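K.L.:
After the structure tokens below, expect a handful of questions from me.
The values are calculated or read from the model by the stated rules, or taken from the named source; none is laboratory data. Predicted, not measured: the structure shown is a model, and the values here were computed from it. Glycine gets a Cβ as well: all are built from the backbone with ideal geometry, and neighbour counts include every protein chain shown. Please note that ligands, DNA and RNA were not included when accessible areas were found on the heavy atoms of the full protein model with its side chains. Shrake-Rupley method; radii C 1.70, N 1.55, O 1.52, S 1.80 Å.
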Amino acid sequence: MIPDLKPSYILHHNFRLPMGFPPKNFDSALNYKAQKGDTFIVTYPKCGTTWVQNILWMLSHQGQPFPVGKQINREVPHLEEFGADFVKSSPQPRFIKTHFPYDLTPHHPEAKYIYIARNPFDCVVSFYYHTQGFIKHYNFSEGTFDSFFECFMKGEVDWGDYFAHLLSWIDRKDEENILFLTYESIQEDTRSAVIKIADFIGPDYRKIIEREQTLEAIIYHASFSQMSKDQSRWSSERPDTLTPFIRKGKIGDWKCHFSADQQNRLMKKFQEKTAGTAALSLWELSLFSGL
Ligand code: A3P
């Protein structure tokens, strides 16, 4: 390991992109015109995107499991990775993944937005393994958690600052076309999360899960154990990474990685940044204590 190594990025309009992401796709994504019927799954990286992409795919395919040989980031396309033309070529109604903060996300009053927040302690750990594993995107296979933690604290990672992202969406969490969920709540009660998502995206989807067997099948295929088995069959999803997307799926994994100093600093930053906002009460603060 090389202690001072930092991840490499493409710096594009002051925005850090993974090195394999064509900037022209990013630019076209900014100009995508959201439409009535679009549903966006919006996250800061590593907050449960693939999980909800999988749930959305199943809901929009009568509860069938995600098929062998397909890539989830193409079936529920990642807007800034593949660009607007690719997304426009996918059938409607569209389910679209983005990591954009609120201001960069394409908006339409009749499009819907599902935002998933994950606590920053587990997010940074997950993001570290992701960054270390994608050698061609970040050239960071020899990088340490301590070095990545510093980049995360400064917001010098792809898609920018965790807190700016979260705060850009949280103020809008009660708007009619936004469903705001946490990773932790989906894990605590996946059934309720699937029902909430189905209710939110529309009555046709609600109907699908009224059949108990279908709801059970979706919950089963959205479980960590099933998804971690399935991902290797999803057309060798992300063959270029050493870290599986469905990695550990734990709440509190940060305790195995943080020093006491890192814990104090992130806790302080969390409290400062979220003071006076609804983000302060998204998680029990006790989740961030006790090493
Ligand atoms: P960990 O690295 O902590 O395991 P994203 O899809 O936004 O990149 O998020 C990836 C994170 O979500 C990973 O976290 C992954 O394991 C977790 N995840 C994905 N599917 C999950 C599931 N079914 N249950 C719990 N966690 C899941």
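K.L.:
Would you be able to say whether some residue in the range 260-281 is open to solvent by 40 Å² or more (accessible area, probe 1.4 Å), within 15 Å of the ligand (Cβ to nearest atom) and either at pLDDT 95 or above or closer than 29 Å to residue 147 by Cβ (or both)?
P.N.:
no
K.L.:
Could you check the range 163-190 and list, in sequence order, the residues that are charged (D, E, K, R) and either open to solvent by less than 80 Å² (accessible area, probe 1.4 Å) or closer than 21 Å to residue 40 by Cβ (or both)?
P.N.:
171, 172, 173, 174, 175, 176, 184, 189
K.L.:
Looking at (1) among the polar types (S, T, N, Q); (2) within 23 Å of residue 68 (Cβ to Cβ); (3) away from the ligand (no atom under 12 Å from the Cβ), which is the only condition residue 177 fails?
P.N.:
(2)
K.L.:
Collect the residues in the range 127-150 that are within 19 Å of residue 4 (Cβ to Cβ) and among the charged types (D, E, K, R), keeping them in residue-number order.
P.N.:
142, 146, 150
K.L.:
Further, regarding this structure: Step by step: first the residues of the range 104-133, then only those that are of a type in the set (A, V, I, L, M, F, W, C) and under 12 Å from the mean Cα position of the chain (by Cα), then the one that is farthest from residue 173 (Cα to Cα). Which residue is that?
P.N.:
Ranking the candidates gives 127 first.
K.L.:
Now for a separate question. Can you tell me which residues in the range 207-216 are open to solvent by 30 Å² or more (accessible area, probe 1.4 Å) and closer than 14 Å to residue 57 by Cα?
P.N.:
Scanning the range 207-216 gives a single hit, 208.
K.L.:
I've got another one for you. Filter the range 247-261 down to the residues that are within 23 Å of the chain's Cα centre (by Cα) and either over 23 Å from residue 187 (Cβ atoms) or of a type in the set (D, E, K, R) (or both) and list them by number. Steps first, please.
P.N.:
Pass one, the range 247-261, residues within 23 Å of the chain's Cα centre (by Cα): 247-258.
Matches in the range 247-261: 247, 248, 250, 253, 255.
K.L.:
May I ask you to list the residues in the range 156-174 that are at negative phi and within 12 Å of the ligand (Cβ to nearest atom)?
P.N.:
Within the range 156-174, 158 is the sole residue that qualifies.
K.L.:
Which one is nearest to residue 269 (Cα to Cα), of the residues in the range 132-162 that are surrounded by fewer than 18 Cβ atoms within 10 Å (Cβ to Cβ) and modelled with pLDDT under 95?
P.N.:
Ranking the qualifying residues of the range 132-162, first place goes to 135.
K.L.:
May I ask you to list pairs of residues, at least six apart or on different chains, whose Cβ atoms are under 8 Å apart, with the first in the range 215-229 being touching a residue at least 40 places away in the same chain (Cβ under 8 Å) and more than 10 Å from the ligand (Cβ to nearest atom) and the second being open to solvent by 70 Å² or more (accessible area, probe 1.4 Å) and not hydroxyl-bearing (Ser, Thr, Tyr)?
P.N.:
Cβ pairs passing all conditions: 215/191.
The rows are residues; the columns are (1) charged (D, E, K, R); (2) closer than 29 Å to residue 187 by Cβ.
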| site | (1), (2) |
| --- | --- |
| 30 | no, no |
| 50 | no, yes |
| 60 | no, yes |
| 80 | yes, yes |
| 94 | yes, yes |
| 104 | no, yes |
| 115 | no, yes |
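K.L.:
Continuing with the same structure: For the range 134-189, which positions are within 17 Å of the chain's Cα centre (by Cα) and small (Gly, Ala, Ser)?
P.N.:
If the condition is that a residue be within 17 Å of the chain's Cα centre (by Cα) and small (Gly, Ala, Ser), then 155, 160, 164, 168, 185 are the ones that fit.
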